[in-house]
Each structure stands twice: as C-alpha cells, then as structure tokens.
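Everything below concerns the one structure shown next.
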Amino acid sequence: MTEFKLEVPEKSDRIVNTSGDRLDRYLSQELSDISRSRIQQLIEQGNVQLNDKVCTSKKITLVRGDRITLEIPEVKPLQLQAEDIPLDILYEDDQLIILNKPAGLVVHPAPGHPDGTLVNALLAHCPNLPGIGGVQRPGIVHRLDKDTTGAIAIAKTDIAFQHLQAQLQAKTARREYLGVVYGAPRTESGIIDLPIGRHPQDRKKMAIVSIEQGGRNAITHWQIRERLGNYTLIHFQLETGRTHQIRVHSAKIGHPIVGDPIYSSAHSIGVNLPGQALHAWKLKLQHPISEDLIEVTAPLPQTLTTLLEILRRRIGISAEN
C-alpha cells in the first residue's frame, strides 16, 4: 500500500478521450499501478467524481470529454493495542464469542477512532485474535453502527470466521432487531426491498440507490410489536446486511428510527438518547464445529427501556385526559 501511494498522486484529474468504456475499466487502464478491484472499491466508497459529481457506479459508461477526479484516501497502518475495556459476554467458547455491544462503542479502529474500540477490548480478552479475518478487523464477521446496541458475533479461529461469513452470505444466520420509529405505520407488517448504496453527495451517508447506479440489493422484514401513540416499537429482521440498512429503509418509508442523528435529524422526541433507538435483539447461527443452533438474546439497554416507559406513560396520560 505504501509503494502504491508513492507512485500514484493523492488526487488526479483526467479528461476522457474515449467513449463507450466502463468507468472502472478506464481507470484501471489509465492507472496501471492500481488494481481493478481497488479501483472498484474506491468507486463504491465514493472516492470518484464524474464531472464534479460523486459517482458510485463502476458500470457507468463514459463519453468523450467526461472529467474524472479520483481521490485516494491516506491509509495509515493501524497499530492495534489491547485495552482493558469491559465486555458484556452473552456466549463464548473456543470458536466464537457473542457480545452485547453498548452504545458509543465503535466496532473496529478507523480514521477518527484509532483506539477504544471493540477490537481493542477483544485483543485483551482473546490474545490469539490477531490475523483472523484481517489485520485491521480481527475476528469481526459483521458490524453494528457505533450507537446501535446489541448482539454481535466475533470469530476466534479462522475456521469459525469462514463458517460464520458463509452463513451470513447464505442468509442462514438470522439477525433480529428492535427499534422505535416515529409515526404509526398503517399496516402491521411489511417488507422493504430497496437497494442501498453510498449517498451521491454525502459520502458519510447511505441512501436508496438503484442497482444501475451502484446500489446493492437490500431487504428488511418488519412487524409491529407495540403501538405507542405517534411512535411504534418494531421488530426488524434482516435478509441482507447493508451498511445502515434498517436506518435507511425506515427513513425511506417515512418512519425513521428515533434519535438517529443522520436519517431522522429533523425529528425530536424530547428525551436525551445516546443515538438511534435501535437494538440488535437476537442472533441465531450455527456453531462452526458442532453445527448446533445457537440463539442469543441481548437484553435491552437501559436507555431504550426508559424510552419505552416514557412513551407508555404518555399514552396513559393522554387516555385519562
């Protein structure tokens, strides 16, 4: 990575002199020091602009005169350190560990969060974790957003890592969430089948993006568990696992997650929350060695329990009046 960055400018502008070529193919030909897979990754991450607009579709066809700006983010090698951070362990054996992640804890080190993450805590708890599934994200099979609480599985061996990843890809592992949304859906349940991709203008956000424009298939099943006046407690089940999937899908159908600082920032509930009211409630998967079914339930965090109590009291007061 260091050698590659020395040879390629951090930012390069190019005028396209050809027509009919795909964006990723053209860039890989022009920038021979960068692999095509890396080019595709940069496109998907929103690091390529076409005619001064962010382009996240690698398949877009270029025309003569198109202007491309490619930004290659500076990558600093992470020196992962073990940190004595308390862990709420829901299940553990010699192959995997399932934790109840609190709000505010970032899963793995990244720019802006070099330490104090779940990975740093895991390195102190599991000394043999480094190298399993990647140097920078050891053991991490799936992620939860910083302020999303609940069950998250971590592999402790290479065999477990590969097995758990395969379950997620085959959709045999089941992830269930509880979330409080604004508003009252008209129906009791539903399926949201809308592709998700990087937001075309804001790289820190995700959005509903067509497959043709680089979006990826995303399916969320939902069912109402409790109606709370102008708020609703919903049970979500993920068929796919895209970044911010529940948050983006909920906002798209007009019922954003309460407290979401990105997708429901225009709403207010008058209750101080550490982040979005979304909790990874249940995790069901097959043990990588014994093949037994493991089902773990993560208790609701106190903040979500308090929120539900407040909303229930409000309904009671309204009913009396």
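Observations on the structure shown:
- Selected residue (only one of His235, His249 is modelled with pLDDT of 95 or more and more than 27 Å from Asp88 (Cβ to Cβ)): His249
- Sole residue being farther than 30 Å from Gln162 by Cα, of a type in the set (Val, Ile, Thr) and open to solvent by 30 Å² or more (accessible area, probe 1.4 Å), chosen from Ile234, Ile211, Ile262: Ile262
- Looking across the range 99-125 at every residue that is under 11 Å from Ala82 (Cβ atoms) and open to solvent by 10 Å² or more (accessible area, probe 1.4 Å), the one that is modelled with the lowest pLDDT is identified as Asp115.
- For the range 288-303, the condition of being open to solvent by 30 Å² or more (accessible area, probe 1.4 Å) and within 26 Å of Ile196 (Cα to Cα) holds for none of the residues.
- Among the residues making up the range 244-258, those that are in contact (Cβ under 8 Å) with a residue 60 or more places away in the chain and either open to solvent by less than 30 Å² (accessible area, probe 1.4 Å) or more than 17 Å from Thr187 (Cα to Cα) (or both) are His244, Ile246, Arg247, Ser250, Pro256, Ile257, Val258.
- Residue match in the range 266-285 (condition: among the polar types (S, T, N, Q) and either under 20 Å from Leu144 (Cβ atoms) or modelled with pLDDT of 95 or more (or both)): yes
- Any chance Ala173 is buried (at least 21 other Cβ atoms within 10 Å of the Cβ) and within 17 Å of the chain's Cα centre (by Cα): yes
- Qualifying residue in the range 302-316 (condition: in the same structural domain as Trp222 (by the TED database) and assigned to a loop (DSSP other than H, G, I, E, B)): no
The values are calculated or read from the model by the stated rules, or taken from the named source; none is laboratory data. Model, not experiment: these values are computed from the prediction. Because the Cβ atoms are built from the backbone with ideal geometry, glycine has one as well, and the counts that use them run over all protein chains shown. Heavy atoms of the whole protein, side chains included, go into the accessibility calculation; ligands, DNA and RNA do not. Shrake-Rupley method; radii C 1.70, N 1.55, O 1.52, S 1.80 Å.
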